[in-house]
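See below for the structure under consideration.
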Amino acid sequence: MRDITLQPMPVLADGGRHEGQLILADGQLVAVFTWVTSEETAGGDERAGGWFLEAGFGPCSSLISATPPVLATLNDAVSWVRDRLDHGLTP
């Protein structure tokens with residue numbers, strides 16, 4: 001199992017400062033997630049907000065689409081990354 005670590009990092013995105021998290025797998029950067037409000041998510045749905053994939057690298061980049069995921073919790077983001085690492089390209 002890979003060692004997944006999170007590192008808080010403010011991210012300047014969409015014209016403002018957002019709470020961000022760098023996600024590293026075995027010391028390598030694989031994803032950058034930022035916290036977004038429901039108004040900032042596509043369509044402004046009823047969700048309270050979530051963690052938006054700003055950037056993905058290695059196995060996390062090959063699956064990015066026009067609408068990157070917005071995940072409810074950081075645990076969900078880590079699970080998403082683990083799934084990409086387990087089933088995607090080897091970094």
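The values are calculated or read from the model by the stated rules, or taken from the named source; none is laboratory data. Only a predicted model underlies this, so the values are computations on that prediction, with no experimental measurement involved. Glycine also receives a Cβ, built like all others from the backbone with ideal geometry; neighbour counts cover every protein chain displayed.
Show the residue pairs meeting these rules: Cβ distance below 6 Å; 6+ apart or different chains; first residue within segment 1-18 and closer than 24 Å to Asn75 by Cβ; second residue hydroxyl-bearing (Ser, Thr, Tyr).
Val11/Thr34; Ala13/Thr34; His18/Thr34
For residues that are touching a Ser or Thr at 6+ places or on another chain (Cβ under 9 Å) and crowded, with 16+ Cβ neighbours inside 10 Å, scanning just segment 65-91, find the one that is modelled with the lowest pLDDT.
Top of the filtered list is Gly88.
Which residue out of Gly49, Gly43 is farther than 25 Å from Met1 by Cβ, surrounded by fewer than 19 Cβ atoms within 10 Å (Cβ to Cβ), out of contact with any Pro (no Cβ under 7 Å at 6 or more places or on another chain) and at pLDDT 75 or above?
From the options Gly49, Gly43, the qualifying one is Gly49.
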